[in-house]
Amino acid sequence: TGRDVPAQIIGRNGQMTRILFLADMPSVGFKVFEVREHTGFQSLTSTGLRVTASSLENARYRVNIDGNGDIGSIFDKEAKHELLKSPIRLEMRDDPSPDKPAWRILYETVTSPVREYPVKPVVRIVDRGPVRITLEVTRQAGPSTITQRISLTAGGDRVDVQNDIDWKSTNTLLKAAFPFAATNSKATYDLGLGTIQRGNNHPDAYEVPAQWWADITDTGGSLAAAVLNDSKYGWDRPADNVLRLTLLHTPKPGEWPRPFYQSSQDLGRHRFVYSV
């Protein structure tokens, strides 16, 4: 069609260049885009993206990062409503699992107080262009290092969080807690071939499965929020407005002859994405 679309360079390695560009694609079909050198410059404001060391904004959302490095606010400009009741936090708990450490998470673990949160955030702007803006937040969590890249795109309706984790924390369950403004006694979970509604945690059902997303729609129906993710499948729900997604599970098993060797589960490097 000969139309320009917003594009930005996100990396160079020798003669290789990585770019982002906005592509309006049909649901079943294809388009061909051609990359050409351009002498002009498209400013950040042309697509409504703004970023500072503590905030990101596009046409849909205004996101603030608090002093702990957590997402403290997501204001939905279209709905004219704050989506969060309190910050989205990464929670670390002791994780004993004496008999089945490869898969069992105890009810006492998810109901126990948080042992620690990641600390000492180092924040920097890593994307500032007409297609995407990104803040990178790096924090220590005991012996582990957690780096999160929080992004908004032009015209996008998701807040994306890419997680790169060097995980060295034994006897630890890591969850992301999403305290939403929406509240309901039931949450909806994606099962791949359908959905299911579930209530809050109780001793017989607390760590529950879902595929790509879970949602809380306010009882009044005027507000809702969902968490999407690319590779994590365990959830729990401690309150009417809170979803928690299990990220890493390195349990402390019982003594020999119990399966003590599984205490190394999940140690290593991880990359995954979740979105609001």
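The values are calculated or read from the model by the stated rules, or taken from the named source; none is laboratory data. Computed from a predicted structure; not experimentally measured. In this analysis, Cβ positions are derived from the backbone assuming ideal geometry, glycine residues included, and neighbour counts consider all displayed protein chains. Please note that ligands, DNA and RNA were not included when accessible areas were found on the heavy atoms of the full protein model with its side chains. Shrake-Rupley method; radii C 1.70, N 1.55, O 1.52, S 1.80 Å.
If r is the Cβ-Cβ distance from Glu116 to Ala23 and R0 is 30 Å, what FRET efficiency results, to the nearest 0.05?
Values: r = 42 Å, r/R0 = 1.40.
That gives a FRET efficiency of 0.10.
Excluding residues on the same chain fewer than 8 positions from Lys100, give the lysines whose Cα lies under 16 Å from its Cα.
Lys252
So for the pair Asn171, Arg271, with labels modelled 7 Å out along Cα→Cβ, what separation do we get in nm?
Roughly 3.3 nm, to one decimal.
Can you give me the % of accessible surface on region 107-254 that is carbon or sulfur? Probe 1.4 Å, all protein chains present, nothing else counted. Each step should come with its number before you reach the end.
Values: 3110 of 6090 Å².
About 51 percent, which is the carbon plus sulfur part of the accessible surface.
Grab the eigenvalues of the alpha-carbon gyration tensor for region 112-155, scale each by 5, take roots, and send me the semi-axes largest first in whole angstrom.
Numbers: eigenvalues 152, 27, 8 Å².
For region 112-155, the ellipsoid semi-axes come out as 28, 12, 6 Å.
What spacing in nm lies between the two simple spin-label points modelled at Thr145 and Val32, each 7 Å away from Cα in the Cβ direction?
Here the answer is 4.4 nm between the modelled labels.
Calculated from DSSP H runs of 4 or more alone, at -39500 (n - 2.57) each and per residue, what is the 222 nm mean residue ellipticity of the chain, nearest 500?
Working: 1 runs with 5 residues, N = 276.
For the chain, the value works out to -500 deg cm²/dmol.
Would you please give the residues with an amide H less than 5 Å from that of Ser73, counting only those at least 5 places away or on a separate chain, with H modeled from the backbone geometry?
Residues meeting the criterion, in which the H sits 1.01 Å from N, are Asn64.
Relative contact order for the chain: what is it in percent, counting Cα pairs under 8 Å that are at least 6 residues apart? Walk me through the intermediate numbers first.
Details: 658 pairs, mean separation 48.1, N = 276.
Rounded, it is 17 percent for the chain.
If you wrap a convex hull around the alpha carbons of region 123-276, what volume per residue comes out, as a whole number of Å³? Please list the in-between numbers first.
Details: hull volume 21.7 nm³, N = 154.
Hull volume normalised by residue count: 141 Å³.
So what's region 1-147 giving for Cα Rg divided by 2.2 N^0.38 Å, two decimals?
Working: Rg = 20.9 Å, N = 147, 2.2 N^0.38 = 14.7 Å.
Relative to the rule-of-thumb radius for its length, region 1-147 sits at 1.43.
Projected area of region 1-41, taken from the Cα convex hull and averaged over every viewing direction, in nm²? Provide the component values of the computation, followed by the final result.
Numbers: hull surface 15.6 nm².
It is 3.9 nm².
Would you mind working out the accessible area per residue for region 81-225, using a 1.4 Å probe, and quoting it in Å²? It would help to have the intermediate numbers written out before the result.
On the way: 6490 Å² over 145 residues.
With the other protein chains kept in place, region 81-225 gives 45 Å² per residue.
What FRET efficiency do you get for Lys186 and Arg50 if R0 is 30 Å and r is their Cβ-Cβ distance, rounded to the nearest 0.05? Intermediate results must be reported in sequence, preceding the final value.
Numbers: r = 37 Å, r/R0 = 1.22.
Calculated value: 0.25.
Evaluate the charge dipole of region 169-275 about its Cα centre and quote only its size in Debye, nearest 20, assuming +1 on the Cβ of each Lys and Arg and -1 on the Cβ of each Asp and Glu.
Details: 10 positive and 10 negative charges, 57 e Å.
So the magnitude is around 280 debye.
Along region 24-35, what does the Karplus equation 6.51 cos²θ - 1.76 cosθ + 1.60 (θ = phi - 60°) give for ³J(HN,Hα), rounded to whole Hz, x for Gly and Pro?
Along region 24-35, the couplings run 8, 10, x, 5, 10, x, 8, 9, 10, 10, 10, 9 Hz.
How do the peptides 158-167, 266-275 rank, highest first, by the average count of neighbouring beta carbon atoms within 10 Å per residue? Intermediate results must be reported in sequence, preceding the final value.
On the way: 158-167: 18.4, 266-275: 15.3.
In descending order of packing, they fall as 158-167, 266-275.
In region 102-210, if the dipole is taken from +1 on Lys/Arg beta carbons and -1 on Asp/Glu beta carbons about the Cα centre, which of Thr111, Ala187, Ala205 is farthest to the positive end?
Result: Thr111, furthest along the dipole toward the positive end.
Calculate, for Asn68 and Arg128, the FRET efficiency according to 1/(1 + (r/R0)^6) with r their C-beta to C-beta distance and R0 35 Å; round to the nearest 0.05. Don't skip to the end; give the middle numbers.
Values: r = 23 Å, r/R0 = 0.66.
Here the calculated transfer efficiency is 0.90.
Excluding Arg36 itself, calculate the net charge of residues whose Cβ lies under 14 Å from the Cβ of Arg36, where each Lys or Arg counts +1 and each Asp or Glu counts -1. Don't skip to the end; give the middle numbers.
On the way: positive: Arg3; negative: Asp4, Glu34, Glu37.
Local net charge: -2.
Give me P(r) over region 117-213, computed from all C-alpha to C-alpha distances, binned every 10 Å, as integer percentages.
Computed distribution, short to long bins: 12, 30, 33, 23, 2.
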